[in-house]
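Participant: The following block contains the structure, expressed as structure tokens.
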């Protein structure tokens, strides 16, 4: 990749971190946590998925600890949410949903990419893409003593897994890395947005 | 070991993974999780204990991520439980209990073996055997926002720890590895089965 | 450091482990866990923070698994609490609080020190000091299916983070390591004790 592209990707990654941090901080405030709890949930939601992935593939210290910009961004998200809460609450829910879908796609694709880079088998690379996308939200819900929402409703982790799978299959079929990434990310984003719009859910036994 | 024995052990290990996955998936269905939740709980229950052990001893990527057969088996267990639920529910509870005791013994012994291989001190090897046996079920209960059952009732983790301890002590006393493994596994299995049959519980303060 | 100092630090570290184990075991008994649950919560509370830190910085197997004295101490704490429960319950609450503040300061400082030793950036070293101090209690609360208390009330993690930050800043300003450690530890301890005494809490949104 060109240096310009690398810089762009890095900026997009930090933007996703900021958004996920704001969502984690909002959940903390809704559950009456104090300022420290808001900080911790922002950190966990934004960086938890990548932390789990990096520990599992053996990339320690994880990226989020090597580069202080990630935690600084997470704390910036927490601070904005806490100190400018009226402003954050005024963001329209559909906009948050669309941005979140974009963040999910980005995290899933980035996680799959890194797993492939570390020579994980294809099935595992798909799983690690999913974990990167939804691991942070899962830790957030566990810390809130709730069954993680991703296990119960919505097409969310499924969108991440589908996008990761398309990306891995694309590579195997000989598509160029950037085309594979684009197709996988697009599928994840579209599947997530459409599923919210059409109220799709996964099957569940009665 | 002979190649035949290695193959047998591997098959038994995958059988244990399948069984634990079915138990995790059943718990997910009982808690009204959707298909994705069923998959995740099957994966966590079947592979969680080994994942924690491998991360702690520094064997990363963990075995469950190096060899895709483990996750494929976990997902097979989840699929059987979800799509053939009538069939799975028809399995008699005592049979599940006995199979589960066998799986527990196998996981505990395998975990202890690996810990010793990585030069852990004896006490730690016993603990890691216990973690391998009950770690998956603990993660499952945490994801269901419940106090892990293993901390509250039954002689379950205790059976795993006792079997691991016997195995470690047997080695120290100079018994051959296979005799130690056999004695430890047998004790874990027998202790678990007898404790269910006789309604044994650990002491608890009032 | 002189060998004498190293021995003293090691003894103090084990004393902190014992105290945190007693607190974890007491929480387990209050929640009606059985003897195994008491052991597990003692272990998790006393050693969980250091385990997370060591896994994240890539120091595996973690210290608590390399040196069996740590788990032996945790189990000693659990046994004392379970078998001599009348004695443990007779310890005055203010004494426990002051000892706990000392343990928190010690764990935070030790965690920060180790993070710096592993070349973590300053901000990350502060976070890892906080995680070392409060990670064990957080795991304990998650296993009890409760929102971790540290996220909701009291100046506890905040004291750990403040102490770690002072220590890191002290080093940067060129103070000697032992002066930095002393100032950081003292701040953490004093902040914690004063906040309990004055009923301080962090801000929270309505």
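Quick grid of which residues meet (1) modelled with pLDDT under 95; (2) under 25 Å from residue C:29 (Cα atoms):
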| position | (1), (2) |
| --- | --- |
| B:157 | no, yes |
| B:167 | no, no |
| B:176 | yes, no |
| B:192 | no, yes |
| B:204 | yes, yes |
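Participant: Take residue A:26 and tell me if it is touching a residue at least 24 places away in the same chain (Cβ under 8 Å), touching a helix residue (DSSP H, G or I) at 6+ places or on another chain (Cβ under 8 Å) and farther than 21 Å from residue A:146 by Cα.
Facilitator: Details: touching a residue at least 24 places away in the same chain (Cβ under 8 Å): yes; touching a helix residue (DSSP H, G or I) at 6+ places or on another chain (Cβ under 8 Å): yes; farther than 21 Å from residue A:146 by Cα: no.
For residue A:26, the condition - touching a residue at least 24 places away in the same chain (Cβ under 8 Å), touching a helix residue (DSSP H, G or I) at 6+ places or on another chain (Cβ under 8 Å) and farther than 21 Å from residue A:146 by Cα - is not met.
Participant: Considering only residues that are surrounded by 13 or more Cβ atoms within 10 Å (Cβ to Cβ) and away from chain C (no Cβ under 13 Å), look in the stretch B:193-206 and name the one that is nearest to residue B:106 (Cα to Cα).
Facilitator: B:193
Participant: Those residues that are in contact (Cβ under 8 Å) with a residue 12 or more places away in the chain and surrounded by fewer than 16 Cβ atoms within 10 Å (Cβ to Cβ), I need them from the stretch B:178-187; list them, please. Before the answer, list the steps.
Facilitator: Step one: filter the stretch B:178-187 for residues in contact (Cβ under 8 Å) with a residue 12 or more places away in the chain, giving B:180-181, B:183-187.
Listed by number, the list holds a single entry, B:186.
Participant: Could you check how many residues of the stretch C:99-126 are surrounded by fewer than 19 Cβ atoms within 10 Å (Cβ to Cβ) and within 18 Å of residue C:25 (Cα to Cα)?
Facilitator: Final tally of qualifying residues: 1.
Participant: Another one. For the structure I just gave you, tell me whether residue C:168 is in contact with a helix residue (DSSP H, G or I) (Cβ under 7 Å, 6 or more places away or on another chain), more than 17 Å from residue A:32 (Cα to Cα) and either in a helix (DSSP H, G or I) or within 8 Å of chain A (Cβ to nearest Cβ) (or both).
Facilitator: In short, yes.
Participant: Assuming residue C:79 fulfils every condition listed in (1) within 15 Å of the chain's Cα centre (by Cα); (2) surrounded by fewer than 21 Cβ atoms within 10 Å (Cβ to Cβ) apart from one, which condition is it?
Facilitator: Going through the list (1) within 15 Å of the chain's Cα centre (by Cα); (2) surrounded by fewer than 21 Cβ atoms within 10 Å (Cβ to Cβ), residue C:79 breaks only (1).
Participant: Look through B:55, B:60 and report the one residue that is part of a loop (DSSP other than H, G, I, E, B) and either over 22 Å from residue A:203 (Cα atoms) or in contact (Cβ under 8 Å) with a residue 12 or more places away in the chain (or both). Walk me through how you get there before you give the answer.
Facilitator: On the way: B:55 fails: part of a loop (DSSP other than H, G, I, E, B).
Being part of a loop (DSSP other than H, G, I, E, B) and either over 22 Å from residue A:203 (Cα atoms) or in contact (Cβ under 8 Å) with a residue 12 or more places away in the chain (or both) holds for just one of B:55, B:60, which is B:60.
Participant: For residue B:9, are the conditions met, namely being within 16 Å of the chain's Cα centre (by Cα), within 30 Å of residue C:66 (Cβ to Cβ), more than 10 Å from chain A (Cβ to nearest Cβ) and in a helix (DSSP H, G or I)?
Facilitator: yes
Participant: Considering each residue of the stretch C:1-29, count those that are under 24 Å from residue B:159 (Cβ atoms) and surrounded by 24 or more Cβ atoms within 10 Å (Cβ to Cβ), and give that number.
Facilitator: First, pick out the residues of the stretch C:1-29 that are under 24 Å from residue B:159 (Cβ atoms): C:21, C:24-25, C:28-29.
Adding the requirement that they be surrounded by 24 or more Cβ atoms within 10 Å (Cβ to Cβ) leaves C:21, C:24-25, C:28.
Of the residues in that region, 4 qualify.
Participant: Is it fair to say residue A:190 is in a helix (DSSP H, G or I), more than 9 Å from every other protein chain (Cβ to nearest Cβ) and surrounded by 18 or more Cβ atoms within 10 Å (Cβ to Cβ)?
Facilitator: Working: in a helix (DSSP H, G or I): yes; more than 9 Å from every other protein chain (Cβ to nearest Cβ): yes; surrounded by 18 or more Cβ atoms within 10 Å (Cβ to Cβ): no.
Against the criterion (in a helix (DSSP H, G or I), more than 9 Å from every other protein chain (Cβ to nearest Cβ) and surrounded by 18 or more Cβ atoms within 10 Å (Cβ to Cβ)), residue A:190 does not qualify.
Participant: Quick check on my filter: what residues within the stretch C:34-51 are part of a helix (DSSP H, G or I) and within 11 Å of chain B (Cβ to nearest Cβ)? Can you show your working first?
Facilitator: Within the stretch C:34-51, the subset part of a helix (DSSP H, G or I) is C:35-51.
C:35, C:36, C:37, C:38, C:39, C:40, C:41, C:43, C:44, C:47, C:51 - these are the residues of the stretch C:34-51 that are part of a helix (DSSP H, G or I) and within 11 Å of chain B (Cβ to nearest Cβ).
Participant: While we're on this one: So residue A:126 ticks every box in (1) modelled with pLDDT of 95 or more; (2) closer than 18 Å to residue A:13 by Cα but one. Which box is left unticked?
Facilitator: All conditions pass for residue A:126, except number (2).
Participant: Would you mind stating whether residue C:32 is out of contact with any helix residue (DSSP H, G or I) (no Cβ under 6 Å at 6 or more places or on another chain), surrounded by fewer than 23 Cβ atoms within 10 Å (Cβ to Cβ) and under 27 Å from residue B:144 (Cα atoms)?
Facilitator: On the way: out of contact with any helix residue (DSSP H, G or I) (no Cβ under 6 Å at 6 or more places or on another chain): yes; surrounded by fewer than 23 Cβ atoms within 10 Å (Cβ to Cβ): yes; under 27 Å from residue B:144 (Cα atoms): yes.
Criteria met by residue C:32.
Participant: Counting only residues that are more than 14 Å from chain B (Cβ to nearest Cβ) and in contact with a helix residue (DSSP H, G or I) (Cβ under 6 Å, 6 or more places away or on another chain), give me the helices (runs of 4 or more DSSP H) lying completely in the stretch A:72-161 with at least 2 of them. Lay out the reasoning, then the answer.
Facilitator: Numbers: elements: A:85-89, A:93-117, A:122-143.
Those helices (runs of 4 or more DSSP H) span A:93-117.
Participant: Just to be sure before I move on: is residue B:129 in contact (Cβ under 8 Å) with a residue 60 or more places away in the chain, under 18 Å from the mean Cα position of the chain (by Cα) and buried (at least 23 other Cβ atoms within 10 Å of the Cβ) in the structure I sent?
Facilitator: On the way: in contact (Cβ under 8 Å) with a residue 60 or more places away in the chain: no; under 18 Å from the mean Cα position of the chain (by Cα): yes; buried (at least 23 other Cβ atoms within 10 Å of the Cβ): yes.
For residue B:129, the condition - in contact (Cβ under 8 Å) with a residue 60 or more places away in the chain, under 18 Å from the mean Cα position of the chain (by Cα) and buried (at least 23 other Cβ atoms within 10 Å of the Cβ) - is not met.
The values are calculated or read from the model by the stated rules, or taken from the named source; none is laboratory data. Predicted model, so just to flag it, every value in this text is computed and none were measured. Every residue, glycine as well, gets a Cβ built from its backbone with ideal geometry; the counts of neighbours run over all protein chains shown.
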